[in-house]
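Below: one structure, written as structure tokens.
The values are calculated or read from the model by the stated rules, or taken from the named source; none is laboratory data. Note that the structure is a prediction, hence the values are computed from the model and not measured. Cβ sites come from the backbone with ideal geometry, for glycine too, and all protein chains shown count toward neighbours.
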Amino acid sequence: MPIDVALDGHVATITLNRPDVLNAFNTEHLETLHNAIMTLAEEPEVRAVILTGAGERAFAAGADIAEMRDKRPSQALEFARLGQSVCLAIEAAPQPYIAAVNGYALGGGCEVSLACDIRIASENAALGQPEVTLGIPPGWGGTQRLTRLVGPGIARELIYTGRRVKADEALRFGLVNAVYPLSDLMDKARELANSIAANAPLAVRASKDAIARALDVELDTGLSYEAGVFALSFDTADQKEGMSAFLERRKADFTGS
Ligand code: HXC
């Protein structure tokens, strides 16, 4: 299978598993990934998801160039839409996604990581949008999400030149949140995922939904949405549990209800 899914407590790990081609995405790989994301979205026990690549060299080196080369425009459109649907599914998922970037994240690989809520990287990571070096622009959201994440100045430079950014520079650009030795990356990803999973899942989900709107709507509309989900949270058992636990000086035990 081009995708492995493992569950550990409230944390799921999806591993992109085509190491022979540095986890490049072909159609089957994308469809399997999409299915895995949609299945996990229906699992209330899963409160955070880690996405990483098999092997020690790559998160994903992009879309599969061998599959792409002979596509006609209509097939290329379908392929662009399929990759975009994977990214949209990550963003629509109730759980936060953490991309553990364990090497190359290029082209579509970088774009899938950009759809994740948080990116952390290993010291050997290299991220970039090399599409123009292949005669194509980005197609899975790079022009949109990279621009929103790092701003138009850096995004334009990276997309127009196609150059790869090493982990330390990616950290400076805000493209990744933290950099660790490769041997520590998955432990750090699990630590981060577990710290999210310990919190009230519905509150985390509401926060994810509200943050997504921050980039899309006017401030007034975003603030109204935030006030709405804030108010609704007072109808959850976890709101009573979280506040009672604080007042009783104990650790909260959230159930996601
Ligand atoms: C298919 C790929 C691949 C890819 C690597 N491989 N990337 N196959 N598609 N994107 C394969 C190689 O052909 C090779 O197979 C094996 O993986 C190992 O790669 P090497 O090139 O031998 O390794 P190395 O010399 O270390 O170079 C690593 C690399 C390079 C710098 C990551 O592989 C590279 O530049 N890859 C392409 C990166 C890229 O341009 N990505 C963007 C794709 S376009 P063999 O059989 O020879 O061992 C894209 C568009 C998204 O993503 C939007 C679509 C709509």
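Observations on the structure shown:
- Residue within segment 63-77 that is under 15 Å from the mean Cα position of the chain (by Cα), in a helix (DSSP H, G or I) and more than 24 Å from Asp184 (Cβ to Cβ) present: no
- Within segment 216-231, residues that are within 17 Å of Arg205 (Cβ to Cβ) reach partners that are surrounded by 11 or more Cβ atoms within 10 Å (Cβ to Cβ) with beta carbons closer than 6 Å, at six or more positions or on different chains, in the pairs Gly222/Arg213; Gly222/Ala214; Tyr225/Ala210; Tyr225/Arg213; Glu226/Ala210; Val229/Ala206; Val229/Ala210.
- Residue in segment 51-60 that is crowded, with 20+ Cβ neighbours inside 10 Å, in a helix (DSSP H, G or I) and modelled with pLDDT of 95 or more present: no
- Among the residues making up segment 23-42, those that are farther than 12 Å from Asp4 by Cα and surrounded by fewer than 21 Cβ atoms within 10 Å (Cβ to Cβ) are Asn26, Thr27, Glu28, Glu31, His34, Met38, Thr39, Leu40, Ala41, Glu42.
- Candidate set: segment 153-169, residues that are in contact with a Gly (Cβ under 9 Å, 6 or more places away or on another chain) and of a type in the set (Gly, Ala, Ser); chosen: the one surrounded by the fewest Cβ atoms within 10 Å (Cβ to Cβ): Gly162
- Selected residue [acidic (Asp, Glu), in contact with a Lys or Arg (Cβ under 9 Å, 6 or more places away or on another chain) and at pLDDT 95 or above] from Glu169, Glu123, Glu218, Glu131: Glu123
- Across segment 83-110, the number of residues qualifying as part of a strand (DSSP E or B) and closer than 19 Å to Ala189 by Cβ comes to 7.
- Among the residues of segment 28-44, those that are within 14 Å of the ligand (Cβ to nearest atom) and either in contact with a helix residue (DSSP H, G or I) (Cβ under 7 Å, 6 or more places away or on another chain) or farther than 23 Å from Arg69 by Cα (or both) comprise Leu30, Leu33.
- Residue in segment 137-147 that is free of Cβ contacts under 8 Å to residues at least 40 places away in the same chain and either away from the ligand (no atom under 15 Å from the Cβ) or aromatic (Phe, Trp, Tyr) (or both) present: yes
- Count - residues of segment 134-164 that are outside any helix (DSSP H, G or I) and in contact with a Cys (Cβ under 9 Å, 6 or more places away or on another chain): 3
- Just so you know, in segment 186-233 the residues that are among the β-branched types (Val, Ile, Thr) and within 28 Å of Ile50 (Cβ to Cβ) include one that is surrounded by the most Cβ atoms within 10 Å (Cβ to Cβ), and it is Val204.
- Filter pass, Gly135 being of a type in the set (Gly, Ala, Ser), surrounded by fewer than 15 Cβ atoms within 10 Å (Cβ to Cβ) and on the phi > 0 side of the Ramachandran plot: yes
- Test: residue in segment 111-126 that is surrounded by 23 or more Cβ atoms within 10 Å (Cβ to Cβ), part of a loop (DSSP other than H, G, I, E, B) and on the phi > 0 side of the Ramachandran plot: no
- Condition check for Ala60: under 29 Å from Ala197 (Cβ atoms) and near the ligand (Cβ under 10 Å from one of its atoms): yes
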